[in-house]
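The values are calculated or read from the model by the stated rules, or taken from the named source; none is laboratory data. The structure displayed is predicted, hence computed values, not measured ones. Cβ sites come from the backbone with ideal geometry, for glycine too, and all protein chains shown count toward neighbours.
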Amino acid sequence: MIARFGRRSAVRGHDLAASAILVAIVLLGYVTTAAPSITWSRGSADSGDITAAVATAGIPHPPGYPLFVTVGYALTRIVPAEPARIVTMLDAALIATALGIVCWAALQTGARRRPAAIFAAVGATLAVGAGSLLWNLATFPNAHAPNVAFAALAIATAMTDPTGPRTARRDLGLGLLLGAAMSHHLTLAVLVFILPVPRRGLVWVAGAIAGLSPWLLLPILAARVPAHAWGDVATFGGFLDHIVARQYHEYFASQGITQVLSRAVVGARSLVVDGLGPIGSVLVAIAVASAGRSTQMLALRWAAMTLTILAFFSLYAARDVGSYVSISVITAVPLIAAGLSAVADRSNGRIVAVVVGGLIAAQVAMTFPVVDRRRDTEARDFARVALSSAPDSAILVTDNDARTFALWYGQVGLGLRPDITIVDRSLWPLAWYRRRVLPEYRGQVADAAAVELQTGRRTLIVDDVGIAR
């Protein structure tokens, strides 16, 4: 008995060591290619808004990401670095850790031969981690990395749950995990497809409600009257509007059937090409065809979750497909590992290892130049030029999210020109925005000439190169 326990402990130690080494390798690659500040490239226009909120313990666009903002703000008080860089490092660490979690989970149910199990789990994880979808999310400031981390915890729970006791504590934990994930973004409710089924429904519901408690941080943050705050979460109606992202509900009705089908293709392509990769997609299919019943059931639940995500993305005219598909990508790692293990069992293991290693190396070589943001300072440079060129106490009128968010970050993240007021035309129709930004102007349209006439302040339109004129 003691000898068996010792062997089991040694195996678990090897699994943790392999996962930890993988996290370190992946994190090094992510940090090496990370942006030095906010960016605009490859779907990162929101980075200025997210980082401005983190820098001020404020509230970004819906649903507000209260827990992420609070943790990020705490780090900015400790780490002596630019806020945008801190948020990017947090994102990179979350995604690298998520990869380590799914690698460990795959090892718990992998082949009995440990070298083969470690090869399959590490190979599958590296293949996904080297894909452009996750690597891209790890190189700029964003609030989507927690999606990946929560999904990794969910699939790890699903993979290891059969070996655990069916207690009330277990059901409470399942509810807490799902609730905490949904408090970050309601679309993470799709994790219910892969999480184990609870035995005690009321206990599970209680856990889920408790897991939603980070939402309470929103009115607490708003009560501080931060320099950057989106929405009116101090009121109950405004609070509900923010967490359900009511401002964006119009996106559901803005498309015809052609656009819906087109977005379905975009989402599927992002999953197969940018996320899983062609090899990963084939290995998932092999796992379904050759694995045992438990793996096939997991694959079925994963497919149901993925189809739900793709359907949502097809109907909802959001621009950041990676933030949704990333959930499916990270949770597919155990399936890819199972497929890789099946291939190795039916072939020459050494040849398979060499081929897989070569494919991963080739993927890294192809992905690296695509996601490399080390010298991407365009957004920060824009903010500095636009703010520095404006007259004292000027009003800058913008009509583009990327430019607006960059200017916000320049003011509250970099501490530039607090005397300037930034007015975004697309946000101006919102009552809370008008009250907060420029209450003395009563116009229904943020027209530069009318704003200057009513306020008596120099009002300028910001152009694409950051020169106020």
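Observations on the model:
- Helices (runs of 4 or more DSSP H) wholly inside the stretch 313-378 containing at least 3 residues that are hydrophobic (A, V, I, L, M, F, W, C) and closer than 16 Å to Ser132 by Cβ: 321-331, 349-371
- Residue in the stretch 396-406 that is in a helix (DSSP H, G or I) and among the charged types (D, E, K, R) present: yes
- Whichever residue in the stretch 200-237 is in contact with a strand residue (DSSP E or B) (Cβ under 9 Å, 6 or more places away or on another chain) and of a type outside the set (Val, Ile, Thr) and, among such residues, is surrounded by the most Cβ atoms within 10 Å (Cβ to Cβ): Gly231
- Options Ala227, Ala268; residue that is assigned by TED's automatic domain parsing to the domain that holds Thr167 and not in a helix (DSSP H, G or I): Ala227
- Listed by first and then second residue, the pairs with beta-carbon distance under 6 Å, at least 6 apart or on different chains, first residue in the stretch 199-224 and over 13 Å from His242 (Cα atoms), second part of a loop (DSSP other than H, G, I, E, B) and among the hydrophobic types (A, V, I, L, M, F, W, C), are Leu221/Ala57.
- So Ser341, is it more than 19 Å from His249 (Cβ to Cβ), hydroxyl-bearing (Ser, Thr, Tyr) and surrounded by fewer than 24 Cβ atoms within 10 Å (Cβ to Cβ): no
- Condition check for Ile86: surrounded by fewer than 24 Cβ atoms within 10 Å (Cβ to Cβ) and more than 16 Å from the chain's Cα centre (by Cα): no
- The residue that is modelled with the lowest pLDDT, counting only those in the stretch 431-464 that are surrounded by fewer than 16 Cβ atoms within 10 Å (Cβ to Cβ) and either under 29 Å from the mean Cα position of the chain (by Cα) or under 22 Å from Tyr248 (Cβ atoms) (or both), is Asp464.
- Residue, nearest to Thr421 (Cα to Cα), within the stretch 233-246, restricted to residues that are in a loop (DSSP other than H, G, I, E, B) and at pLDDT below 90: Ala234
- Residue ranges of helices (runs of 4 or more DSSP H) in the stretch 88-205 with at least 3 members over 28 Å from Gly339 (Cα atoms): 168-184
- Screening Leu153, Leu176, Leu202, Leu191 for residues that are in contact with a Gly (Cβ under 6 Å, 6 or more places away or on another chain) and either modelled with pLDDT of 95 or more or not small (Gly, Ala, Ser) (or both) leaves exactly one candidate, Leu176.
- The one condition in (1) among the hydroxyl-bearing types (Ser, Thr, Tyr); (2) in contact with a strand residue (DSSP E or B) (Cβ under 7 Å, 6 or more places away or on another chain); (3) modelled with pLDDT under 90 that Ser347 fails to fulfil: (2)
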